[in-house]
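To start, the structure itself, in structure tokens.
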Amino acid sequence: MKNKIIFYLAHTILSGSLLFLISCQPDKIGVVDQAPNIVFIMSDDHAYQAISAYGYALNNTPNIDRIATEGAIFNKGFVTNSICAPSRAVMLTGKHSHINGKVDNIQPFNWDQENFAKALQRSGYQTAMVGKIHLNGLPQGFDYSNVLPGQGQYYNPNFIENGKKIQIPGYVTQVTTDIVLDWLKNKREKNKPFLLLYHQKAPHRTWMPEEKYFKLFDDKNFTPPANYFDDYKTRVASAEHEMGIYKDMDVVYDLKMLDKEEELQTRLRKHFQNQYDRMDSVQKKAWDAYYDPIIKKFKSDQLEGKDLALWKFNRYMQDYLRTIQSVDDGVGEVLDYLEENGLTENTIVVYTSDQGFYLGEHGWFDKRFMYEESFRTPLLMKYPKEIKPGTIIDKMVQNLDFAPTFLDYAGVEIEKEIQGESFRKLVSGEISEWRDAIYYTYYEFPGEHHVKRHYGVRTDRYKLIHFYYDIDVWELYDLEKDPSEMTNIYDDPAYNDIQKMMHKRLQEMRDKYGDSDELTQSNLERYLKAKGINDHKK
Ligand code: SGN
Ligand code: CA
């Protein structure tokens, strides 16, 4: 007995936490000292504008909203690099892209480095990763993984379960939810606290809805944002985009006009054909029954100019929002499971996206820019033990903060190399002092959608951005006067002092996070090499 106690104590000290002792307790409501479970829900490209709790009235997401009602909503949740794989690498490591090495979607991620799932696993947590991760290689830090290869597919998707390729029939969002529920019910060891990464592919391009939602929003005519017909005056980098709904959206690939007569021969038609061909005959029949009449009407209407721009916006919104409805259903199923199994009290539930998304602002879809719609990301969180229902957080947090926040809740040591900060006490209301500036980097250029390389700093009121590589352009915005970032005031004499102050803040950020022109240059070289690009100024 004495030896056993000594063993327990030694283990406890070695693991740096009390988790081992605590984890011997079974699932029970009201076990005060049990380490919390963490359900980390992330979707892909989910704009905060498309969550009803944010008040945009575009759609209705009652289950996601439940997280905010029972907990907190963050009005200033941001990423550090608005693109998928880099965002996930930051989330796992708590380190900026230039430190964790995953600066773009192209280059490989090094799973051998430390991540918060590994730390929780070492401390006695059961860990699982399900759905989209978009990082090459077998996920490390997880007892169970069942992930989509790369971007994943909407219908009858392929998965990689613990390293083994499989295909699962059905619609990806429901399939992902089913895997999650199966792990919760049948696969995890129920006497241990758990970390579950539940990561949906939807609502990523090409926005293929689930059959039950084909008709949702049929009678709705979505009004585009006020700056849908943006002329990009004063914004050189924006003017060169390739992410315009009117200009760049492919009517077949993005907007599903796959006509049987094969008359609509667009650039990306064959790619959509590949997605369509994944469906079985029953799925195709249902798909055609819904889309064929729309295709027929589109072909006969012969829309042009503004009419076409508005039609495209509406078509885009309908499918994009439909895919979100399935995501919301899945959130409901998982919340219900927690409730029915007495796990609500002791489980932290987070809902976020890998970045924000444009829903017609500046005429765009996609992300990448440091402008608000893609720099920001939705963030809702509940944990009844510490977070009061209806909490609103207006401080700037970033995906950089997830790793230290989860480690903090679990009582596990936060390694000093982690660059984010735990927002546990901010969301519980124990502190109100918080950072007043955040740093951003984006590297994937030359690349899809043609968003130039840039980095910048945002304070509560101002934003300074530097676009570089084939241009050398600075932008400055007063977010209070110009929340839609339509006027670049970098050269406005009235903002001379602000400009100087923001340059200083930017340098502070770069020093704090260890970024520099030299690092930026070497990241650029690596990227160009990975892409096989020789011409530096293409
Ligand atoms: C794909 C999409 C792009 C998107 C990137 C990155 N094209 O390449 O529209 O910007 O992913 O998205 S697609 O033709 O394959 O749909 S990310 O979320 O994975 O970073
Ligand atoms: Ca994404």
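Every Cα-Cα pair in segment 77-235 was counted, and those over 18 Å apart are 66% of them. When the Cα positions of Leu303, Phe214, Ile166 are compared along the charge dipole of the chain, Ile166 comes out farthest toward the positive end, with charges on each C-beta of Lys, Arg, Asp and Glu. In the chain, the DSSP beta bridges split such that about 55 percent are antiparallel, to the nearest 5. Subtracting the Cα-Cα distance of Thr69 and Met501 from 0.36 nm times their residue separation leaves 151.7 nm of extension gain. Remark: C-alpha extents of the chain on the principal axes read 83, 63, 46 Å, sorted largest to smallest. Using C-alpha pairs below 8 Å separated by at least 6 residues, the relative contact order for segment 80-220 is 19 percent. Computed on the chain, with alpha-carbon pairs under 8 angstrom and 6+ residues apart, the relative contact order is 24 percent. Over 20 Å, how big is the tail of the calculated P(r) for segment 201-316, in percent of all Cα pairs? Every Cα pair in segment 201-316 considered, those over 20 Å come to 47 percent.
Taking amide H as placed 1.01 Å from N in the peptide plane, Ser353 has its amide H under 5 Å from the amide H of Ser43, each at least 5 places away in sequence or on another chain. In this rough spin-label picture, where each label sits 7 Å from Cα along the Cβ direction, the Glu240-Asp492 distance is 2.5 nm.
Estimated from helices alone, the mean residue ellipticity of the chain at 222 nm is -10500 deg cm²/dmol (sum of -39500 (n - 2.57) over DSSP H runs with n ≥ 4, per residue). Between Asp178 and Asn156, full extension at 0.36 nm per residue minus the direct alpha carbon distance yields a gain of 6.6 nm.
Measuring between alpha carbons in the structure, the pairs from Lys102/Lys529; Lys220/Lys367; Lys201/Lys382; Lys395/Lys500; Lys256/Lys367; Lys76/Lys312 lying more than 19 angstrom apart are Lys220/Lys367; Lys201/Lys382; Lys395/Lys500; Lys256/Lys367; Lys76/Lys312.
Amide hydrogen proximity for Phe194: with H placed 1.01 Å from N in the peptide plane, the residues at 5 or more positions away or on another chain lying under 5 Å are Asn37, Ile38, Gln126.
Ranking Leu528, Tyr495, Ser484 by how far each Cα lies toward the positive end of the dipole of segment 441-531 (charges on Cβ) leaves Leu528 at the top.
Taking Cβ atoms as reference points and 11 Å as the exclusive limit, the residues near Tyr125 contribute a net charge of +2, counting Lys and Arg as +1 and Asp and Glu as -1. The mean sequence separation of alpha-carbon pairs under 8 Å and at least six residues apart, normalised by the residue count of segment 441-531, gives a relative contact order of 19 percent. Taking the Cα atoms of segment 441-531, the ratio Rg/Rh between the radius of gyration and the Kirkwood radius comes to 1.00. Our note on the geometry: Cα centres of segment 472-500 and segment 90-159, 37 Å apart.
A simple rule links phi to the HN-Hα coupling: the Karplus curve 6.51 cos²θ - 1.76 cosθ + 1.60 with θ = phi - 60°, which for segment 236-250 gives 4, 5, 4, 4, 9, 4, 10, 9, x, 5, 6, 6, 10, 5, 8 Hz, with x for Gly and Pro.
The residue list Gly514, Tyr455, Phe445 was ranked by how far each Cα lies along the charge dipole of segment 441-531 toward its positive end, using unit charges on Cβ atoms, and Gly514 comes out on top. Extending 7 Å from the Cα toward the beta-carbon at both Glu333 and Trp111 defines two label points whose distance is 2.5 nm. Annotation: His466 carries an accessible surface of approximately 20 Å², with a 1.4 Å probe and no ligand, DNA or RNA atoms counted.
The values are calculated or read from the model by the stated rules, or taken from the named source; none is laboratory data. These numbers come from a predicted model, not from an experiment. Cβ coordinates were reconstructed from backbone atoms using ideal geometry, including for glycine residues, and neighbour counts include every protein chain displayed. Surface accessibility is based on the protein's heavy atoms, side chains included, excluding ligands, DNA and RNA. Shrake-Rupley method; radii C 1.70, N 1.55, O 1.52, S 1.80 Å.
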